[in-house]
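Asks: Structure provided below as structure tokens; questions to follow.
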Amino acid sequence: MLSFTMEAAEAIVADLRRSKGKRSPQTALNLDADDLAALPALISTAWLFDVVPRTMGPASIPTLHNSDGEEVMFHRVRFPFARGVTQALVGERLDTLPALQRETTHFWNWLGEKPNGKAKSTGRMAWGVTMADGTPVLGNVELKGRALMLAVTSAERAKRGTALINDALAGLVGSPLTTIETVEQAMAARAEGLTSSAPAPAIARDCQDFRVRPGG
């Protein structure tokens, strides 16, 4: 359970409105299945960006690490489609990867290995997303227009994910372009009412476990 301030709750609704192109609070907000699937990550990120700075102060925002012990740094990698390549063709190839689990027509979770036993404490502030069975979510893959988007939370995962996509989609996509955003930059963008250029990975309905805690 996450304790929310009224400001954080209002920020979630504002983010949803911006994503749907509806800024007026008087306009009805209708959410489809994909919107509902992404809500757990949106709620968790809103809590992180609102409550942590209020609790610890802007000057003492902790260094966050993912479940692999890597410093959290939002990476978004865009792979343009080669000429003549369709989303259906790319989707078929992605479905052959055991590490990817399709959640919707255009969205896959990139899953890691389920840990054996309880994770040991590392003394670091850990931030991770897992499936309901404890399997860690390393990132997500989404098809948008004529490109594939890979979103992850560290430079190391971006490197691994890029290699995974390049190998699986050889000849179907061009050279990737990566955008990077720190936690501080993402918080600043949120404070200014802007959309983060590399948000935390969205997760599906059965991804229910989000943790920000001391230790690994």
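The values are calculated or read from the model by the stated rules, or taken from the named source; none is laboratory data. Since the structure is predicted, the reported quantities are computational estimates derived from the model, not experimental observations. As a convention, Cβ positions derive from the backbone with ideal geometry for all residues, glycine included, and neighbour counts pool all protein chains shown. For the accessible areas, the whole protein counts, side chains as well, though only heavy atoms, and no ligand, DNA or RNA atoms are used. Shrake-Rupley method; radii C 1.70, N 1.55, O 1.52, S 1.80 Å.
Asks: Between LYS144 and ALA188, how high is the FRET efficiency from 1/(1 + (r/R0)^6) when r is the Cβ-Cβ distance and R₀ = 35 Å? Nearest 0.05. Display every interim value, and only then the final one.
Replies: Details: r = 25 Å, r/R0 = 0.71.
For R0 = 35 Å, the calculated efficiency reads 0.90.
Asks: How far apart, in nm, are the 7 Å Cα→Cβ label points at ARG83 and VAL13?
Replies: Each label point lies 7 Å from its Cα, and together they span 5.0 nm.
Asks: Here's another thing I want to ask about it. Short version: ³J(HN,Hα) in whole Hz for each residue of the range 86-92, in order, from phi by Karplus 6.51 cos²θ - 1.76 cosθ + 1.60 (θ = phi - 60°), x for Gly and Pro, what are they?
Replies: Per residue, the Karplus-derived 3J(HN,Hα) values read 10, 4, 4, 5, 5, x, 4 Hz.
Asks: Okay, moving on. When the Karplus curve 6.51 cos²θ - 1.76 cosθ + 1.60 is applied with θ = phi - 60°, which whole-Hz ³J(HN,Hα) does each residue of the range 141-146 get, with x for Gly and Pro?
Replies: 10, 9, 9, 9, x, 9
Asks: Further question: Please list, in chain and number order, the residues 5+ apart from VAL173 or on another chain whose amide H is under 5 Å from its amide H, with Hs placed from the backbone.
Replies: For VAL173, the qualifying residues are ALA82.
Asks: Continuing with this model, one more query. I want to check the label-to-label distance for MET6 and THR105. Put each point 7 Å from Cα in the C-beta direction and report it in nm to one decimal.
Replies: About 4.1 nm separates the two model spin labels.
Asks: Express in Å², to the nearest 10, the accessible area of ASP167 obtained by rolling a 1.4 Å probe over the protein heavy atoms while all chains stay in place.
Replies: 120
Asks: Now a separate question. For GLU113 and LEU31, compute 0.36 nm times the residue count separating them, minus their Cα-Cα distance, and round to one decimal in nm.
Replies: Working: separation 82, 0.36 × 82 = 29.52 nm, distance 3.18 nm.
Extending this stretch completely gives an extra 26.3 nm.
Asks: Using only Cα atoms, locate the centre of the range 130-182 and the centre of the range 94-110, then give the distance between them in Å, rounded to an integer.
Replies: 11
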